[in-house]
Structures are given as structure tokens and as C-alpha cells.
Number of protein chains: 2
Amino acid sequence: MIDVCLLGTGAMMPLPGRWLSSLVVRTGPHSVVFDCGEGTQIALRALGWGLRSIDAICISHFHADHVSGLAGMLLMLANADRTEPVTLFGPPGLRAVVEGQRRIAPFLPFELICEELAPGAEFRIADWYGSCAAGVHHVPCLAYRLDLPRRPAFLPERAKALGLPVELWGPLQHGTPVEWGGRVVRPEEVLGPPRRGISIAYVTDTRPVPSIGALVAGVDLLVGEGTFGDPAEQARAVETGHMTFAEAAELAKKARVRRLWLTHFSPAMPRPLEHAAEAQRRFPNVTIGRDGLCTTLSYEDGP
Amino acid sequence: MIDVCLLGTGAMMPLPGRWLSSLVVRTGPHSVVFDCGEGTQIALRALGWGLRSIDAICISHFHADHVSGLAGMLLMLANADRTEPVTLFGPPGLRAVVEGQRRIAPFLPFELICEELAPGAEFRIADWYGSCAAGVHHVPCLAYRLDLPRRPAFLPERAKALGLPVELWGPLQHGTPVEWGGRVVRPEEVLGPPRRGISIAYVTDTRPVPSIGALVAGVDLLVGEGTFGDPAEQARAVETGHMTFAEAAELAKKARVRRLWLTHFSPAMPRPLEHAAEAQRRFPNVTIGRDGLCTTLSYEDGP
């Protein structure tokens, strides 16, 4: 199960009622924040999910509206008496940006690990498998995907048929072979077929290029930018390295994602809902994001 | 005339309904912002005084809650199509902090001038005369004062008595001697006695030391920190380099300021008004600050 919350949906500058684009995802005691513009710490604290669970912050790129809240965020974690390490992920250049930001936040009671990711890199955060792809923007930019795998079901009737004592079931459930009856019993002998996990992608400040489509293929939830709602802004989307609602919906459709949330709305678009039809007629399972929009993604056949 | 607005009254972290401590003062088409933590740009835009009037930003010190909004503020000015230079004032170290912040705001359409001020330094911003003094905090910190001088009254009856033609009145009004009747006429001959101007001081993140008292002596409005309201927090105020309400009120009283606004409230103090009496019984003309508190300071006998 993954809890997801859109902390903010704004582009460029925070507005009354619209924080800068940021997403938090949580599973059990672990959470990850995507992007951290000015004010993200406020939205995150208002959400009330607890601050000590944040394992990592993934930065898409270094335009200020995606990273200017980093010093405040780190100090908020410090004030919450965090001592466990925090990992920052981002494109190459991350360390220099963080060093610059930390000139006003030099003392932290936890280790801060900076991982500069090349497009295509894979990484781990707690139980999540992370991957990323290069966006097409005016500066290096990463789109992210997290996969929470699901173990195959344990089939006790098979374990019983093999005469396995219950104390050997645990290792097999977790994928470890055991010795029993003078031979090695492999996990596959007592486990069901592979099961679909849960996946989520965060894509902002990019054109809808094929590498992004490949990254987000089949995710349960794509949180994707729709900077411009009005199709008349198409040329401007190309020029500024963004997407229209229609383009984001086409991306979602081609990549066969299950659900799309639009975010990262231009400050010149006060009512993004007015343009919902532009997306809906291309990809029906779309939600026009709003600050504080939350959901829970469950495994297909229950927890 | 000076318009004054308290943009935020919080210390350490922005809270719902309480932005980080920041003050803006305006006279005619010129304004100055004091401190610029996360969210200050939002409060400033909500105020609606216009963004292109900002000549300078004075930073007290480099703790994040006083400067973390700088990148966002500069980009907001850029988005408002500002092209006139902006000057930043702050303690030594300002340039390094600004360089760090600008790694996420490298392109600005205006010149950014950084003035590192030694305690006691004097400076000019438009018609204001600025001065500063060292606070006692855990890092170098400056308290600021702005004085808007007032020209002496022009006395037309004296000008007439000297037979001066009207076209020579202007230079004399502005302090420039003129030649008339075969001699030099000095401005003092047609001007009244000196007149009190308007003065304001911004003092935060410091103990109430004598140098601060000297800086703020007699100002019309002292905007001063009262991080702690409860007198039981006195030891903590000393330890953290801050003031209690009582100490700020004593400072105002000793310095014979005309009015005191308290600000920079600890996040642990949700209702600063509960402690108002601590200040009022020492200095009656005190206001417990709140976000958006505004006033206009006029010359004593009208504009």
C-alpha cells in the first residue's frame, strides 16, 4: 500500500492556495518527497504525516521553484530531532546546489547524502526500487519512477505437501532456500506466480518525449505536469519545455498508465479545471490536481 | 510619510497564518524589505504594494529563517519585469550567501548589488539615510535604522522681504545658495528651523545590548524581536541570543522610542497576545505584531 499526496500544484511561484509542485509518497514508516520549492515544508507539516519518516528527497531539476525550499525543509527535519541520514537525489550538479543552499543551513543533526543520478540510473529507497529518465527542458531534468514490488503469495498447502515444518516457512516466504529431507527446497516450490506491485511516476518540467513514455509505462499513478491547459498554449509549451494537458493525457494513454494526476499549473492559469476536458477526452482516468489531493494505492487484490 | 507593513512575525519556521519575520517600508515610489525568509515573497505579493518599487533588501543575518526566501524574491522581481538594480545589504559574508542562493536563480534581468556592512556603517537607499549596529547573536547580525529627513520649511515672507524673484525660491528650498542683488543668498536666510524627520528601526535576533539602544534612540517606530513572551523563558532568551517581551519593552523605554511593534515569535508561542502585559507595563505604546499589520508614519505636523 502506498499513500500519495500532492503537496502543491503550482509552477514558477507559490500563490495563495497553491504551493509549488511537490509530491510525497509513503509506505509504512518510509516516505519520499519529490521536489521541494519555497513553502513545501509548510504543506508537508500541514499534512501531518510525520517528518521523521522522510528517507529521501528527489529533485527533478534546479530551477528555484523545485528546490528553493530545501534549506527550510532540512532545518525542519533537524528541528524534528531527526538523526537518521537523509538522501537527496537529483541530476548532476546536485552537490553544488546543495552546497550553495547549505550556506544558510550548515549544521544538521543527520547525515545528508547527495546522489547525483545519470538518466537511466536505478536506486533504492527503503523497499522501493527507483529509476529515472532524462526530461527535455532547458536544464538537465529527471523524471522519476518508484516501484514497490510485491512478493509472490506463499502457498501453505504446497509447504504442507512437502512436509515442511512451519519454522522453515518464513525463509522460503522471503525467497531464501532451505534444506529439508536431505535436499534444498527452493522458494518457487511453495510460492505462487509473480504478482503486480505498485508503481508511481513523477514527471515535471519536460516535453513528452519517448524516454519519458518508456519510464512511466504501466504505472498505477502518473503525476505529470500540465503547465498549460489551453491548447492555444501549445507553442508556448514547446518553447518553454513543458506540456499541455492534452500532451500529458496523450503521454498517459500511450504509456498505458492506470491513472493520471495533472500538476505544475502556470500562475497564468487560475482555474485549471476549466481545461479538464482537454485531458479527459484523451485519457478518461485523469484528475486535475489540487493542493492536498491524496489517495492510497493498494495491491490489486488487497493488501 | 512612510508606510510600514509587517509581512510576517514568525521565528524559525513559517506556520499557518504566520510567515517568517519580515518588514517592508515604503515612501513614494521607493521601498525597502527587511529580511526575506521562506514565504516572504508570498506575503509581499498579497500586500499589493507593487514589486517594482523595491530598491533594497536588508538582511539581518544568515540564519535560514531570515534569508531562505531570497532566491524566490529575486525571481519574483524578475518575473515582474524589473530592470532597475536591486541592492542587498547584510553583514560580511553576504556575497557568499547570495552566490550560494543564486545557484538556483542565476539569470536576473537586473543588476544585483551586494553591500557588506560593518557595524556602524551608514548607507543610502533613495531618500533614506541608513545606519546599522551589531546585534549579539550566535552569528554576525545587524540591526538597521532608516531616517527619512525632512527639509526645513520655506518661509516665503522672508524671500519676499529680500525681494527674491520666485524663480530663485526653488534652489533655496532645496538647499542651494543663489546670487541676487550682488551677493550670495544662503538657504538659511529663507528657511525655518530644522524639523524632525521620520525614523524606523528593525531589530531582530539579538540581545538588548547598549549598541542596539544607541542605534534605535528616539525612533518613531521600533520593530523589535520578542521571541519569548513568557518571562520564564528569560534564561532561554539569553542562551539563544534573543529577547523576551519584557526586555524588548525595556529597550524601547530606555531608548525613548515612540512606538514598539513586537515580532519574531517562537513557534512554541501560538498566542503572543497572552503575554502582552509583560511588555505593556514597561512600555505602554507597544503592539503585539501580527502578519499584515500596517501603519503610516507622518511628519509631526502633517505632510
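The values are calculated or read from the model by the stated rules, or taken from the named source; none is laboratory data. Computed from a predicted model, the values in this text were never measured in an experiment. Every residue, glycine as well, gets a Cβ built from its backbone with ideal geometry; the counts of neighbours run over all protein chains shown.
Which members of the range A:42-66 meet the condition of being within 14 Å of chain B (Cβ to nearest Cβ) and among the β-branched types (V, I, T)?
A:I42, A:I59
List the residue pairs whose Cβ atoms are under 9 Å apart, where the first residue sits in the range B:40-52 and is under 12 Å from B:L23 (Cβ atoms), the second is of a type in the set (A, V, I, L, M) and in a loop (DSSP other than H, G, I, E, B), and the two are 6 or more positions apart or on different chains.
From the range B:40-52, the pairs are B:L44/B:L51.
Search the range B:6-20 for residues that are at negative phi and pair each with any residue that is of a type in the set (D, E, K, R) and part of a strand (DSSP E or B) when their beta-carbon atoms are under 6 Å apart and the residues are at least 6 apart or on different chains.
If the second residue must be of a type in the set (D, E, K, R) and part of a strand (DSSP E or B), the pairs left are B:T9/B:R18; B:G10/B:R18.
Checking B:V178 against (1) in the same structural domain as B:D65 (by TED's automatic domain parsing); (2) in contact with a strand residue (DSSP E or B) (Cβ under 6 Å, 6 or more places away or on another chain); (3) surrounded by 17 or more Cβ atoms within 10 Å (Cβ to Cβ): exactly one of these is not met. Which one?
Exception for B:V178: condition (1).
Considering only the range A:77-113, how many residues are under 21 Å from the mean Cα position of the chain (by Cα), facing another protein chain (nearest Cβ under 9 Å) and farther than 11 Å from B:R103 by Cβ?
Count: 0.
Can you tell me how many residues within the range B:212-229 are within 24 Å of A:M76 (Cβ to Cβ) and over 14 Å from the mean Cα position of the chain (by Cα)?
Qualifying residue count, the range B:212-229: 4.
Residue by residue, here is whether (1) within 25 Å of A:A126 (Cβ to Cβ); (2) modelled with pLDDT of 95 or more; (3) touching a His at 6+ places or on another chain (Cβ under 8 Å) holds:
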position	(1), (2), (3)
A:M13	no, no, no
A:S53	yes, no, yes
A:L70	yes, yes, no
A:M73	yes, yes, no
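Restricting to the range B:271-293, name every residue that is closer than 20 Å to B:L15 by Cα and touching a residue at least 24 places away in the same chain (Cβ under 8 Å).
Once the filter is applied, which keeps residues that are closer than 20 Å to B:L15 by Cα and touching a residue at least 24 places away in the same chain (Cβ under 8 Å), the range B:271-293 yields B:P272, B:E274, B:H275, B:I288, B:G289, B:R290, B:D291, B:G292, B:L293.
Which members of the range A:212-240 meet the condition of being surrounded by fewer than 17 Cβ atoms within 10 Å (Cβ to Cβ) and touching a Lys or Arg at 6+ places or on another chain (Cβ under 6 Å)?
Matches in the range A:212-240: A:G218 only.
Does A:G72 count as within 11 Å of chain B (Cβ to nearest Cβ), farther than 19 Å from A:V223 by Cβ and not hydroxyl-bearing (S, T, Y)?
Taking the combined requirement at face value, the residue satisfies it.
Report, by residue number, each residue of the range B:166-194 that is assigned to a loop (DSSP other than H, G, I, E, B) and touching a residue at least 12 places away in the same chain (Cβ under 8 Å).
Selection gives B:H174, B:G175, B:G181, B:V190, B:G192, B:P193, B:P194.
If we only count strands (runs of 3 or more DSSP E) wholly inside the range A:43-149, which ones have 1 or more residues that are in contact with a helix residue (DSSP H, G or I) (Cβ under 8 Å, 6 or more places away or on another chain) and surrounded by 15 or more Cβ atoms within 10 Å (Cβ to Cβ)?
Result: A:54-58, A:86-90, A:112-116, A:128-134.
Among the residues of the range B:11-24, write down those that are within 22 Å of B:R145 (Cα to Cα) and surrounded by 24 or more Cβ atoms within 10 Å (Cβ to Cβ).
If the condition is that a residue be within 22 Å of B:R145 (Cα to Cα) and surrounded by 24 or more Cβ atoms within 10 Å (Cβ to Cβ), then B:A11, B:L20, B:S21, B:S22, B:L23 are the ones that fit.
Taking the range A:25-41 only, how many residues are within 11 Å of another protein chain (Cβ to nearest Cβ) and surrounded by fewer than 24 Cβ atoms within 10 Å (Cβ to Cβ)?
Looking only at that region, the number is 0.
Go through B:R183, B:R259 for me and flag whichever is within 19 Å of the chain's Cα centre (by Cα), of a type in the set (K, R) and surrounded by fewer than 21 Cβ atoms within 10 Å (Cβ to Cβ). It would help to see each step written out before you state the result.
On the way: B:R183 fails: within 19 Å of the chain's Cα centre (by Cα).
Within the list B:R183, B:R259, the selection yields B:R259.
Assess whether A:E115 counts as being modelled with pLDDT of 95 or more and farther than 22 Å from A:I198 by Cα. Write out each step before concluding.
On the way: modelled with pLDDT of 95 or more: yes; farther than 22 Å from A:I198 by Cα: yes.
So A:E115 passes the test.
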